[in-house]
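Scroll down for the structure; my scribbles are underneath it.
The values are calculated or read from the model by the stated rules, or taken from the named source; none is laboratory data. Note that the coordinates shown come from a computational prediction; the quantities given were computed from them, not determined experimentally. Note that we place each Cβ from the backbone using ideal geometry, even for glycine, and neighbour counts take in every protein chain shown. SASA here: full protein model, heavy atoms, side chains in, ligands and nucleic acids out. Shrake-Rupley method; radii C 1.70, N 1.55, O 1.52, S 1.80 Å.
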Amino acid sequence: MYEQLATPAVIVDLNIAESNIGRMAAALRARGIRHRPHIKSHKSVDLARKQMEAGAIGITVAKLSEAEVFVRGGIDDILVAYPIVGRDKLDRFARLHEQARMVATVDSLAVAEGLSEVGMRMQKPVDVLIEIDGGLHRGGVQPGQDALDFARSIRGLPGLRIRGIMGYFGTIYRHPNGPELVEAAKREASVVRATAELLRSDGFDIEIVSSGSSPAALMAEHLDRVTEVRAGNYIFFDASGIGLGLAEERDCALRVIATVVSAPLPGKATIDAGTKTLTSDKAHRREGFGCVVGRPDIRIVGLNEEHGFLEYDPATVRLQVGDRIEIIPNHSCVVPNLAPVVTGIRNGQIVGAIPIDARGCNY
């Protein structure tokens, strides 16, 4: 199992990743919904280019350091889906605003005033989306009247151009695939649609209605009048996607190769991948810390920093020191940021390293 790779090793099956990109692009194109994928899942300029080649209109980032990397990499249409707070960050945004088509998000007067100052200083208006709280309460104004009141409060700020609204409805991950997930996607679309219409009725030109995690984007037929989605995880999928019924093992492009380094008791073994490789993130609707590919009879029951703990029935499963296993992590989006090298695989063969250009760019 890729014996030439030192373990723990992170690999990406490029055939699977490209298939996932193509399927999502086709589904959104059929519904007339634009795609601005979130690159936090892979942080790779090469993979972002594949998404752009498939039809993405630009990318979404969380942090300015990610935007800086991708602008240097030649991608020049970027949404920063995170509040830009503080003089240092406003100055960095101003430099990006000079080089690329930048869109920012606002949910407070303080952030809006800072971006307004950038727009006036640069003599180039800053395009903004008003962020709507999608239920996680991590940011955003409340849908409906609160959003309208906020939009009115920033309407007169010079150097600022309100282009639309956006929301992240992460609570969708609490629902299993099937009717509950469909209803969650429909509610998401209904909330942003109603808020957009309320703002339009007050004279705001709401061109962009941005929503859609990977689960919602996979159900694009239910995103009525959403104009843009920001799916990211779909490029890799993970054990959470399997648990939600959104993916199968064959759809999961990112894997971790680990080696058994100890077998202290019958039915127990230890691998060389712990939280520093797999992270401690739990999966949605699944127990354990990842799926062992093709081996549902082996469970990853715990992690330390450098160790993973396996359990299995010793009557039917035998593991010995030196054996390798292939793991689909619980949450693929955090794994590339932890890996010094991510290896590309095609047709079972190593084809080279995938640069994770924005690794560590969390500021």
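With the other protein chains left in place, how much accessible area per residue, in square angstrom, belongs to the range 280-322 at a 1.4 angstrom probe?
Heavy-atom accessible area per residue stands at 63 Å².
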- Message: Per residue, how much accessible surface does the range 13-95 expose to a 1.4 Å probe? Answer in Å², no decimals.
- Response: 38 Å²
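Place a +1 charge on the Cβ of each Lys and Arg in the chain and a -1 charge on the Cβ of each Asp and Glu, then give the dipole magnitude about the Cα centre in debye, rounded to the nearest 20.
Taking the Cα centre of the chain as origin, the dipole is about 400 debye.
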- Item | Charge tally in the Cβ shell below 13 Å around Thr259, where Lys, Arg are +1 and Asp, Glu are -1, Thr259 excluded | -4
- Query: Taking only pairs that are 8 or more places apart or on different chains, how many Lys pairs in the chain have Cα atoms under 16 angstrom apart?
  - Reply: 4
- Task: Report the net charge of residues surrounding Arg101, where surrounding means a beta-carbon distance below 10 angstrom and charges are Lys +1, Arg +1, Asp -1, Glu -1.
- Result: -3
- Convex hull around the C-alpha positions of the range 113-245: the volume in Å³ per residue is 114 Å³
- Task: Could you please report the charge total around Ala358, scoring K, R as +1 and D, E as -1 over all other residues with beta-carbon less than 11 angstrom from its beta-carbon?
- Result: +2
- Query: Taking H as built 1.01 Å from N, whose amide H comes closer than 5 Å to the amide H of Asp133, not counting residues under 5 places away?
  - Reply: Val141, Gln142
- Item | Computed lengthening from Arg87 to Val301, 0.36 nm per intervening residue step minus Cα-Cα distance | 72.5 nm
- Note on the structure: Measuring from the longest principal axis of the C-alpha atoms of the chain, the long axis of helix 179-201 (C-alpha) lies at a number of degrees, nearest 10, equal to 20 degrees
- Task: Please give the length that would be gained between Lys268 and Arg285 if that part of the chain were fully extended, namely 0.36 nm times their separation in residues minus their C-alpha to C-alpha distance (nm, one decimal).
- Result: 3.7 nm
- Query: In percent, how large is the relative contact order of the chain, given Cα pairs closer than 8 Å and 6 or more residues apart?
  - Reply: 21 percent
- Note on the structure: Computed over the chain, the Cα gyration tensor eigenvalues, each multiplied by 5 and square-rooted, give semi-axes in Å (largest first) of 40, 22, 18
- Item | Karplus (6.51, -1.76, 1.60) ³J(HN,Hα), θ = phi - 60°, over the range 228-245, in Hz, Gly and Pro reported as x | 8, 10, 10, 4, x, 4, 4, 5, 10, 6, 5, 5, 5, x, 5, x, 7, x
- Can you list the equivalent-ellipsoid semi-axes of the range 97-179, largest first and in whole Å, using the square root of 5 times each Cα gyration tensor eigenvalue? 28, 15, 9
- Message: Can you give the FRET efficiency to the nearest 0.05 for Ser65 and Ala6, using r as the Cβ-Cβ distance and R₀ = 25 Å?
- Response: 0.35
- For the chain, built as a Gaussian network whose Cα springs stay under 10 Å, the top-fluctuating residue of Asp107, Asp46, Asp88: Asp88
- Item | Accessible carbon and sulfur surface of the range 16-153 relative to its total accessible area, %, 1.4 Å | 50 percent
- Note on the structure: The rounded separation in angstrom of the Cα centers of the range 166-194 and the range 109-123 is 33 Å
- To the nearest 0.05, what FRET efficiency results for Val317 and Arg29 with a Förster distance of 45 Å applied to their C-beta separation? 0.50
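Give me the percent of the accessible area of the range 189-324 that comes from carbon and sulfur atoms, probe 1.4 Å, all protein chains in place.
Ligands and nucleic acids excluded, carbon and sulfur give 46 percent.
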- Task: May I ask for log10 I(q)/I(0) of the range 38-91 at q = 0.14, 0.26, 0.30 Å⁻¹, from a Debye sum over the Cα atoms as equal point scatterers with solvent left out?
- Result: -0.34, -1.03, -1.30
- Query: So if we plug the beta-carbon distance of Ser190 and Ala353 into 1/(1 + (r/R0)^6) with R0 = 35 Å, what FRET efficiency do we get, rounded to 0.05?
  - Reply: 0.20
- Query: When the helices in the chain are scored as -39500 (n - 2.57) per DSSP H run of 4 or longer and the sum is shared across all residues, what 222 nm value do you end up with, to the nearest 500 deg cm²/dmol?
  - Reply: -9000 deg cm²/dmol
